[in-house]
Amino acid sequence: MINDEYKKILRKYHKLSDRHILVAEADMPYSDVLKVVALSDKIRKAGNELVGLVRKNYEQLMRTKRYRKLLFLYGNTEEKSKRKDLAVQLNVMQKSYNVTWDYCRTSMISIGKKYGIDAIFALTKAEDIWRGMEKCLYGNGKTLHFSKHGDLTCIRAKQINRGIPISVKDNKLQFKLGRTVFGIKVNDRFQTDEVNAVLEYLTKPEIIDEKAAQTLLDEAYCIDTYRPCYATLVPKLIRGKYRVYLHLTIEGKAKPKYDRLGKRRHKLGKGIIGADIGTQTIAYTSDTEVDLKNLAERGNSIQKSERLERLYYRAMDRSRRTTNPQNYNEDGTIKKSRKTWQYSNRYKKLRTKHQELCRINAINRQLAINEDANHLRSLGDIFVTEPKNASKLMKRTKETTVNSKGKFNKKKRFGKSIKNRCPSGFQATIEKKFKVTCGTYIEVPNNYRASQYDHTADDYIKKKLSDRMYRLTDGTLVQRDWYSSFLLYCYDHKTKNIDRDRCISEFKKCYSKEKALVERIKANKIKVLNSGIKIA
């Protein structure tokens with residue numbers, strides 16, 4: 001194979017191959033952990049300084065009428081040649097106001113030297129900031145945000161031979177940060193399998209790379225090389241003590257996990273799954289199982305923890321108001337002028353408890369989401385659901401309405417529910433899980449309207465949001481979220497619509513499972529949020 005052609009194919013392989021992250025705790029003394037935390041804070045300060053520069057230039061750019069007019073024309077023009085011309089004019093204006101990647105990169109060089117940060121860490125931080133600016137310029141982002149004091153910024157070097165280089169010593173992975181040399185703690189079989197795969201690659205990288213390039217050329221397929229791409233150090237404050245975790249980005253798919261008996265933990269099922277994902281619950285129907293459960297719930301303690309989180313926050317607010325009365329108006333709202341805040345020792349203790357509880361709840365949510373995703377993948381390989389709409393439901397209503405008593409209705413929507421249950425995060429995890437494991441993830445079109453269709457009448461019937469239990473036209477009482485998942489289960493791939501014949505043939509079998517599910521929820525007194533199922 002010619003050298004230039006080989007390099008070209010290898011670059012193509014690196015671009016197409018999968019990647020995953022191995023997380024392991026760094027094996028270093030606490031004195032070195034504190035050095036890592038200090039470096040993290042320096043990177044945070046340097047990033048904030050760059051954010052201030054780029055944000056100021058972006059705000060000046062957005063103030064110009066010409067740029068806003070060009071944006072409007074670009075969004076409302078369909079002709080490609082005109083859009084291309086408008087894009088060129090937008091880029092010229094961005095360059096004249098120093099809202100470019102080149103300005104971001106060169107500005108970070110001097111800022112990094114000022115704070116004494118390694119060039120590769122400064123460059124990686126600049127890339128992260130520019131990615132946020134690109135969301136503002138080309139996506140739905142509104143502004144760049146600063147990192148607060150106490151936020152622990154990750155230390156990332158996007159090159160394996162710089163910043164945090166990797167080496168092998170005594171058949172173990174070894175990393176280096178400045179003069180600090182450390183390893184990682186390998187605790188389970190999965191981590192052992194991953195580390196052994198990386199060690200195997202590092203013993204013969206040229207042979208494995210050549211095999212990967214040859215396989216891509218001959219069979220158009222990417223093999224798993226387990227090449228370490230780059231390392232990231234993530235400091236965390238856990239129970240009042242700092243700990244550092246190493247995130248090693250590895251090329252290829254993750255190794256399968258096994259239980260203590262040697263059996264594969266997460267099985268891959270076959271069949272179709274229809275799922276209705278709400279703000280707090282998920283209802284799904286598959287060939288073998290139907291269920292209705294709360295999202296991101298792991299055990300019975302999560303609702304208690306969420307309530308305790310709110311109580312801590314209210315206690316903090318009372319303490320803050322008592323200590324800083326000069327910063328509040330008579331009606332309790334915060335003044336708009338520049339303010340200085342003083343915090344009592346009681347407030348600081350409450351804040352520490354609140355932060356620790358938030359951390360624990362966030363981890364439990366993520367673990368619950370992963371467990372539910374693995375279970376759904378074991379039920380089938382085709383997942384059908386409605387498009388994501390959690391971000392729209394979080395927004396406050398714009399119209400001011402008055403109720404029958406003459407009082408203003410609240411404008412709040414589903415912000416707390418979405419924060420506690422993470423429906424979008426769950427849906428994103430499901431999508432990734434099915435695509436990575438060779439499954440199919442389908443989002444039905446907006447005109448599918450599973451929540452409004454009645455297959456017994458073959459018609460769309462408008463229902464109120466408060467109607468959680470619904471009677472079909474033939475008199476059958478169904479739980480509305482489950483019925484929506486059943487209609488998604490009866491998805492027709494050809495017409496991309498509801499298959500009524502499948503609804504008629506499958507309804508009796510699925511409805512008997514739904515009745516057994518409702519009885520089980522009532523018998524065990526399971527509280528399913530907004531389900532309409534009353535428990536004694």
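Report whether or not Arg55 is surrounded by 15 or more Cβ atoms within 10 Å (Cβ to Cβ), in a helix (DSSP H, G or I) and not assigned by TED's automatic domain parsing to the domain that holds Pro235. Yes; evaluated as a whole, the condition is true for this residue. Restricting attention to the range 450-473, does a residue exist that is surrounded by 15 or more Cβ atoms within 10 Å (Cβ to Cβ), free of Cβ contacts under 8 Å to residues at least 12 places away in the same chain and either in a loop (DSSP other than H, G, I, E, B) or hydrophobic (A, V, I, L, M, F, W, C) (or both)? No, the range 450-473 contains no residue that is surrounded by 15 or more Cβ atoms within 10 Å (Cβ to Cβ), free of Cβ contacts under 8 Å to residues at least 12 places away in the same chain and either in a loop (DSSP other than H, G, I, E, B) or hydrophobic (A, V, I, L, M, F, W, C) (or both). Scanning the range 11-36 for residues that are crowded, with 16+ Cβ neighbours inside 10 Å and more than 25 Å from Ile184 (Cα to Cα) gives Tyr13, His14, Ser17. Can you tell me which residue within the range 221-276, out of those that are in contact with a strand residue (DSSP E or B) (Cβ under 9 Å, 6 or more places away or on another chain) and of a type in the set (Val, Ile, Thr), is farthest from Leu292 (Cα to Cα)? Among those residues, the one meeting the criterion is Thr225. The residues of the range 425-468 that are of a type in the set (S, T, N, Q) and touching a strand residue (DSSP E or B) at 6+ places or on another chain (Cβ under 9 Å), listed by number, are Gln427, Thr440, Asn447, Ser451, Gln452. Among the residues of the range 81-91, is there at least one that is without any contact (Cβ under 8 Å) to a residue 12 or more places away in the chain, in a helix (DSSP H, G or I) and not assigned by TED's automatic domain parsing to the domain that holds Lys142? Taking every residue of the range 81-91 in turn, none turns out to be without any contact (Cβ under 8 Å) to a residue 12 or more places away in the chain, in a helix (DSSP H, G or I) and not assigned by TED's automatic domain parsing to the domain that holds Lys142. Before we move on, is Cys510 surrounded by 18 or more Cβ atoms within 10 Å (Cβ to Cβ), touching a residue at least 12 places away in the same chain (Cβ under 8 Å) and either of a type in the set (Lys, Arg) or in contact with a Cys (Cβ under 8 Å, 6 or more places away or on another chain) (or both)? Judged against the criteria, Cys510 is not a match. Of all residues in the range 147-201, those satisfying the criterion of being among the hydroxyl-bearing types (Ser, Thr, Tyr) and within 25 Å of Ser31 (Cα to Cα) are Ser147, Thr153, Ser167, Thr180.
Residue count for the range 98-153 under the criterion of being among the aliphatic types (A, V, I, L, M), more than 30 Å from Arg351 (Cα to Cα) and not in a loop (DSSP other than H, G, I, E, B): the result is 10. When the range 142-159 is filtered for residues that are more than 19 Å from Ile117 (Cα to Cα) and touching a residue at least 40 places away in the same chain (Cβ under 8 Å), the ones remaining, listed by number, are Thr143, Leu144, His145.
Take the conditions (1) in a loop (DSSP other than H, G, I, E, B); (2) surrounded by 15 or more Cβ atoms within 10 Å (Cβ to Cβ); Leu216 misses just one of them, which is (1). Residues that are among the β-branched types (Val, Ile, Thr) and assigned to a helix (DSSP H, G or I) within the range 171-213 comprise Thr192, Val195, Val198, Thr203, Ile207, Ile208, listed in sequence order. The criterion of being within 22 Å of Ser286 (Cβ to Cβ) and not assigned by TED's automatic domain parsing to the domain that holds Leu295 does not hold for Ser505.
For the range 385-402, the criterion of being buried (at least 18 other Cβ atoms within 10 Å of the Cβ), at negative phi and either of a type in the set (A, V, I, L, M, F, W, C) or free of Cβ contacts under 8 Å to residues at least 24 places away in the same chain (or both) is met by at least one residue.
The values are calculated or read from the model by the stated rules, or taken from the named source; none is laboratory data. Owing to the predicted nature of the structure, the values given are computational and were not obtained by experimental measurement. As a convention, Cβ positions derive from the backbone with ideal geometry for all residues, glycine included, and neighbour counts pool all protein chains shown.
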